[in-house]
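Values quoted throughout were computed directly from the atomic coordinates according to the rules given, and no laboratory measurement underlies them. In this text the structure is predicted, and so the values were computed from the model without any measurement. So basically every Cβ, Gly included, is an ideal-geometry build from the backbone, and we count neighbours across all protein chains shown.
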Amino acid sequence: MTGASVPKVSILMPCYNAEPYIAEALESVLAQTWPNLEIIIVDDGSTDRSVAVAQRYAPRGVSILGQRNAGAAAARNRALAASTGDFVLFLDADDLVGREHIASLYAAIVGAPRCVAMSQWDRFYTSPSEAAFPSRRSYRDGSGVDWLVQEWADARPMMQPGMFLIPRGLPSQLGGWNERLTLIDDFEFFARMIAGCDGVRFASPARLYYRSGLQGSLSGRKSRKAVESAFLSIMLGTQHLLAAEDSPRTRRACANVLQNFEYTYYPDHDDLRARICVRITELGGADLAPDGPPGFHRLKRIIGWRAARQAQHFAERLGLNGASRKRFARGLGPLISRE
């Protein structure tokens, strides 16, 4: 295939202080086998040399736009507005994709103009060779509602932007990124896209390498503003699923996602957790068990999950539990993230 004979795919990359990683991300994009790519970076007011690094790729067709710091959602929206592709893929500036990523995603939804294609994914911390790509239950074709219900069953969904190839018509119809959100803005956006699409198609050869454990990353933030964003994202995201199908199974899936917020942030943010608990009751209750390290589960059986969670947080602050020691050894500090 030649570039002129295949649809254009726009790869849209928000960037904020990604100097150590953006070159590797761009190299993975430029190595794609898909012949018709548009690559747009929007720098969100970086204070490091991210722009200088990105500009080295301008002769290879990479467009670099800048804006005052307004957040990743605003940067993605600006990139989307500037793009001209038939399909779009949002890729974070510290993540990587395999060479066949775009070609495989497109092959999964060719002829299905309102379906979303999804890749495999796995984490790495220092080298992409760490990614093992284990099988996951969400790796299947299905309706958008079916996919969300299954992915949310354990309330810890992975909806990382680089996993999904989206027909341009979906965000044109359903709207762009919610710029009120910072933490887990992807949850709300992809809940909206997937609940409103005609189906999810799994592209097994496509690979997203998700860089984890970065100090200061969005997923690691636990300020009040970040927690308020997480609260709003899951409240809106769960409503998108219920708007597509209001049934016992979707109510339970949504209640479990909300219950995980209560488990994660207890005993802090009483006001937000109280509103979450009211909503869980309105939905008919959750059946999600609290998650945590082995020590948490041992204590939970003796003193209950709330006291065990407080003990876990105390141990993390002192660096006494295994997870904290591993993070300290990597120089990451006590992050709350999707680790």
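What the table shows:
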| quantity | calculated |
| --- | --- |
| Residues within the stretch 13-38 that are assigned to a strand (DSSP E or B) and surrounded by 24 or more Cβ atoms within 10 Å (Cβ to Cβ), tallied | 3 |
| Scope the stretch 39-52; condition surrounded by fewer than 21 Cβ atoms within 10 Å (Cβ to Cβ) and not in a loop (DSSP other than H, G, I, E, B); matching residues | 51, 52 |
| Filter pass, residue 228 being out of contact with any strand residue (DSSP E or B) (no Cβ under 8 Å at 6 or more places or on another chain) and buried (at least 24 other Cβ atoms within 10 Å of the Cβ) | no |
| Conditions (1) closer than 30 Å to residue 249 by Cα; (2) out of contact with any Phe, Trp or Tyr (no Cβ under 6 Å at 6 or more places or on another chain); number of the one not met by residue 121 | (2) |
| Test result for residue 63, of a type in the set (Ser, Thr, Tyr), surrounded by fewer than 22 Cβ atoms within 10 Å (Cβ to Cβ) and in a loop (DSSP other than H, G, I, E, B) | no |
| Some residue of the stretch 257-279 being part of a helix (DSSP H, G or I), touching a residue at least 24 places away in the same chain (Cβ under 8 Å) and under 16 Å from residue 146 (Cα atoms) | yes |
| Per-region count, the stretch 264-321, residues surrounded by fewer than 11 Cβ atoms within 10 Å (Cβ to Cβ) and aromatic (Phe, Trp, Tyr) | 0 |
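Conditions tested, residue by residue: (1) without any contact (Cβ under 8 Å) to a residue 60 or more places away in the chain; (2) in contact with a His (Cβ under 7 Å, 6 or more places away or on another chain).
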| residue | (1), (2) |
| --- | --- |
| 153 | no, no |
| 184 | yes, no |
| 199 | no, no |
| 206 | no, yes |
